[in-house]
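Read the figures in this text as sums done on the coordinates, not as results from a lab. The model shown is predicted, which means the values in this text are computed figures rather than measured ones. No Cβ is skipped: glycine too gets one built from the backbone with ideal geometry, and neighbour counts run over all protein chains shown.
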Amino acid sequence: EAGVTQFPSHSVIEKGQTVTLRCDPISGHDNLYWYRRVMGKEIKFLLHFVKESKQDESGMPNNRFLAERTGGTYSTLKVQPAELEDSGVYFCASSEGGGAAYEQYFGPGTRLTVT
Amino acid sequence: RKEVEQDPGPFNVPEGATVAFNCTYSNSASQSFFWYRQDCRKEPKLLMSVYSSGNEDGRFTAQLNRASQYISLLIRDSKLSDSATYLCGGGNQFYFGTGTSLTVIP
């Protein structure tokens, strides 16, 4: 069974540019999560989709971040315009059930560098 | 106070040693916790779930202590391949600790 995949694996952009990250969850997993890890810090929750609906987006840092999951399959996370502090590793995870009671499976992450 | 906190280490132990990590959590209503293993520049991989009754998988034992609000991971007979960062995660939303670095030395 294929795991969670993310694209691209790395992205280097200049401040003010736009970047779109993609996540393909495990087939059949309705729940999809985005996380971010800034160097030296813990992995932080950004948001949670159940199918195409945003269940919880309390972790989104500001309105420069836009997440979508049209059709309830893959998800995109757009950062526009990117700032230096957006640099970090963006992980996507998926689970069969929703909420913290269910085991989440992580993708390999997208390493974003904003210069 | 952070939802989940853990000692970052590093822990350097000889092969064959037993090592234990703890995480504390602040929300007493939190129900579910997990231990993840993360190798350098890789994604976290689920290691095991943590139950009040304890959960054992080979050399690994996870425990949840609700009274003291901490979870633990015990690794027995450490192998070189156990070297990694171990993350605890859970809570009512999904929170992670910063990770505990383990290096097993030959």
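Across segment A:2-13, computed HN-Hα scalar couplings (Karplus, 6.51 cos²θ - 1.76 cosθ + 1.60, θ = phi - 60°) run 6, x, 6, 10, 9, 9, x, 7, 9, 8, 10, 9 Hz from first to last residue, x flagging Gly and Pro.
The phi torsions of segment B:37-43, fed into the Karplus equation with coefficients 6.51, -1.76 and 1.60 and a -60° offset, translate into couplings of 10, 10, 7, 3, 6, 10, 7 Hz, rounded to whole numbers, with Gly and Pro shown as x. Applying the criteria of a DSSP loop state and at most 15 other Cβ atoms within 10 Å to the chymotrypsin sites (Phe, Trp or Tyr not before Pro) of segment B:1-95 yields B:TYR51. Here the Gaussian network model covers chain B, with springs between Cα atoms less than 10 Å apart; of B:GLY90, B:GLY58, B:GLY16, B:GLY58 fluctuates the most.
Once the convex hull of all Cα atoms in chain B is built, its volume per residue stands at 92 Å³.
With the gyration tensor restricted to C-alpha atoms of the protein assembly as shown, the semi-axes of the equivalent ellipsoid amount to 30, 20, 16 Å, longest first.
Counted over chain A, the DSSP beta bridges are approximately 90% antiparallel. Springs join every pair of Cα atoms under 10 Å in this Gaussian network model of chain B, and among B:SER30, B:SER72, B:SER81 the largest mean-square fluctuation is at B:SER81. By the Cβ rule of 4.7 Å, chain B holds the following cysteines without a possible disulfide partner: B:CYS40. Net charge of the neighbourhood of A:LEU32, taken over other residues with C-beta under 13 Å away and scored Lys/Arg +1, Asp/Glu -1, is -3. Take every DSSP beta bridge whose two residues both sit in the protein assembly as shown; close to 90 percent of them are antiparallel.
Of the cross-linked pairs A:LYS15/A:LYS54; A:LYS15/A:LYS51; A:LYS44/B:LYS79; A:LYS41/B:LYS45; A:LYS15/B:LYS42, those separated by over 24 Å at the C-alpha level are A:LYS15/A:LYS54; A:LYS15/A:LYS51; A:LYS44/B:LYS79; A:LYS15/B:LYS42.
Averaged over the residues of peptide B:67-77, the number of Cβ atoms from other protein chains lying within 10 Å of each residue's Cβ is 0.
Put simply, the amide H of A:ASP56, placed in the peptide plane, has neighbours under 5 Å in A:HIS48, leaving out anything fewer than 5 places away on its chain. Legend: Rg and Dmax of chain A, from Cα coordinates, 13.2, 39 Å.
Note on B:THR103 and A:ARG22: with the Förster distance fixed at 35 Å, the Cβ-Cβ geometry gives a FRET efficiency of about 0.50.
In order along segment A:35-51, phi translates into HN-Hα couplings of 9, 9, 10, 8, 3, x, 10, 7, 5, 10, 5, 10, 7, 9, 9, 10, 6 Hz, rounded to whole numbers, per the Karplus curve 6.51 cos²θ - 1.76 cosθ + 1.60 with θ = phi - 60° and x for Gly and Pro. Within the shell of other residues whose beta carbon sits under 12 angstrom from the beta carbon of A:THR115, the net charge comes to -2, with Lys and Arg scored +1 and Asp and Glu -1.
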